[in-house]
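Visitor: Below is a structure I'd like to ask you about.
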Amino acid sequence: MAVSKLVLAATSTKSCKVLLGLRVLAFSATLSAAIVMGLNKETKTFVVGNVGNTPVKATFTAKFQHTPAFVFFVVANAMVSFHNMLMIAVHLFGGEMEFTSFRLLSVAILDMLNVTLISAAANAAAFISEVGKNGNKHARWDKICDRFATYCDHGAGALIAAFAGVVLMLIISAISISRLAQPNKCSSSTAATPPVLP
Amino acid sequence: MVKVTQRLGGLVLRFAAFCAALGAVIAMVTSRERSSFFVLSLVAKYSDLAAFKYFVIANAIVSVYSFLVLFLPKESLLWKFVVVLDLFFLVNGKLTVKMVTMLLTSSLSAAAAVAQVGKRGNANAGWLPICGQVPRFCDQITGALIAGLVALILYVFLLIFSIHSVVDPFLLRKS
């Protein structure tokens, strides 16, 4: 019975502030991941050969658009941060709206969908960057991180932010689902309604 | 009667998802092709790429989990009793299906991302596509990914289905 007390505590009015704080954190994490990866670009000049005595230089650019997985990463992180922003706005400014169970259900389902979206994006980018970092001798794919170190570092930072967003979205989704079972108004003016047990 | 049909629907979905995930595992594990490229001989196995290994492990976990949960209804009366009585079990039940769905999506998207590089290559990074040399391997990998996608879709249905079968009493009660 202690665990059901935990769930009751999770749906009290104080948990509304916790949920809001978590959503703000998740919004900032996913937004920063999208921005850092979106601005990820590095240009470098390499010496590719020698013609006589003069070295021949060529300029190569590493952009995030070269890899479809990174494009998916940026788009998915932008979508999840937009979802979090929407939920924060609904939370703060939608208090006058009737707190129907449809609203709770749609919030819970949207949270679940966004958890899967961001986990897919983070994982795809992680595995592609693992190939970029270590190369693959079976497929004869060279690693690129030794030449474009800044590009790889920025990408790693964006990945860490995205994985933090995954964990946060998971917790947020768990809280949203537990609030389905015990609907509770979140506005501070009204007192908390007593939970109705089945 | 509604409960019986709901349980039956959940069982059918789970069994189909189990079959799909198992098919994905088998298709990817048995994909192996040898091709000679001038004097070099290239053996393409799924374990060369970390993303495919993760895909196999994740889908194996999903198929084992589905198989075990299929046999849970032996204690179905106890399960429903527990669901109605303890809210934490309610949340926990949803969380396991959600964890499995997350596992499936992440493994599928990682494997698809790497397979896309294998098929088209990445001209900017100097990575050549390998599907031209090992076409049968590529086809089998594609089949495994499609089976994984089917398992994922079935699990998303199962997730929404289980939310519906649980939340409905609460939706009916709230005016």
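The values are calculated or read from the model by the stated rules, or taken from the named source; none is laboratory data. This one's a predicted model, so the numbers in the text were calculated from it and none came from an experiment. Positions of Cβ are generated from backbone atoms using ideal geometry, with glycine treated the same way; all protein chains shown enter the neighbour counts.
Visitor: Please count how many residues of the stretch B:117-140 are more than 7 Å from chain A (Cβ to nearest Cβ), under 12 Å from A:Thr67 (Cα atoms) and over 25 Å from the mean Cα position of the chain (by Cα).
Guide: 2
Visitor: Right, next: Yes or no: the stretch B:32-46 includes at least one residue that is small (Gly, Ala, Ser), within 18 Å of the chain's Cα centre (by Cα) and crowded, with 21+ Cβ neighbours inside 10 Å.
Guide: Scanning the stretch B:32-46, I find no residue that is small (Gly, Ala, Ser), within 18 Å of the chain's Cα centre (by Cα) and crowded, with 21+ Cβ neighbours inside 10 Å, so the answer is no.
Visitor: Could you run through the stretch B:57-90 and say how many residues are buried (at least 19 other Cβ atoms within 10 Å of the Cβ) and at pLDDT 80 or above?
Guide: Matching residues across the stretch B:57-90 total 6.
Visitor: Are any of the residues in the stretch A:150-157 part of a helix (DSSP H, G or I), within 12 Å of another protein chain (Cβ to nearest Cβ), under 18 Å from A:Thr30 (Cα atoms) and out of contact with any strand residue (DSSP E or B) (no Cβ under 7 Å at 6 or more places or on another chain)?
Guide: No, the stretch A:150-157 has no match at all.
Visitor: Conditions: (1) surrounded by 16 or more Cβ atoms within 10 Å (Cβ to Cβ); (2) part of a helix (DSSP H, G or I). B:Ile160 meets all but one. Number of the miss?
Guide: Of everything listed in (1) surrounded by 16 or more Cβ atoms within 10 Å (Cβ to Cβ); (2) part of a helix (DSSP H, G or I), B:Ile160 misses just condition (1).
Visitor: Go through (1) modelled with pLDDT of 90 or more; (2) surrounded by fewer than 16 Cβ atoms within 10 Å (Cβ to Cβ) and name the single condition A:Glu96 misses.
Guide: Against the list (1) modelled with pLDDT of 90 or more; (2) surrounded by fewer than 16 Cβ atoms within 10 Å (Cβ to Cβ), A:Glu96 comes up short only on (1).
Visitor: Here is a list: A:Ser119, A:Ser101. Which entry is facing chain B (nearest Cβ under 8 Å), surrounded by 14 or more Cβ atoms within 10 Å (Cβ to Cβ) and in contact with a Pro (Cβ under 7 Å, 6 or more places away or on another chain)?
Guide: A:Ser101
Visitor: Checking A:Phe70 against (1) among the aromatic types (Phe, Trp, Tyr); (2) in contact (Cβ under 8 Å) with a residue 60 or more places away in the chain; (3) more than 13 Å from every other protein chain (Cβ to nearest Cβ), only one condition comes out false. Which one?
Guide: (3)
Visitor: Quick check on my filter: what residues within the stretch A:36-55 are surrounded by 11 or more Cβ atoms within 10 Å (Cβ to Cβ) and assigned to a strand (DSSP E or B)?
Guide: If the condition is that a residue be surrounded by 11 or more Cβ atoms within 10 Å (Cβ to Cβ) and assigned to a strand (DSSP E or B), then A:Lys41, A:Glu42, A:Thr43, A:Lys44, A:Phe46, A:Pro55 are the ones that fit.
Visitor: Which one is surrounded by the fewest Cβ atoms within 10 Å (Cβ to Cβ), of the residues in the stretch B:47-56 that are in a helix (DSSP H, G or I) and within 13 Å of another protein chain (Cβ to nearest Cβ)?
Guide: By that ranking, first place goes to B:Ser47.
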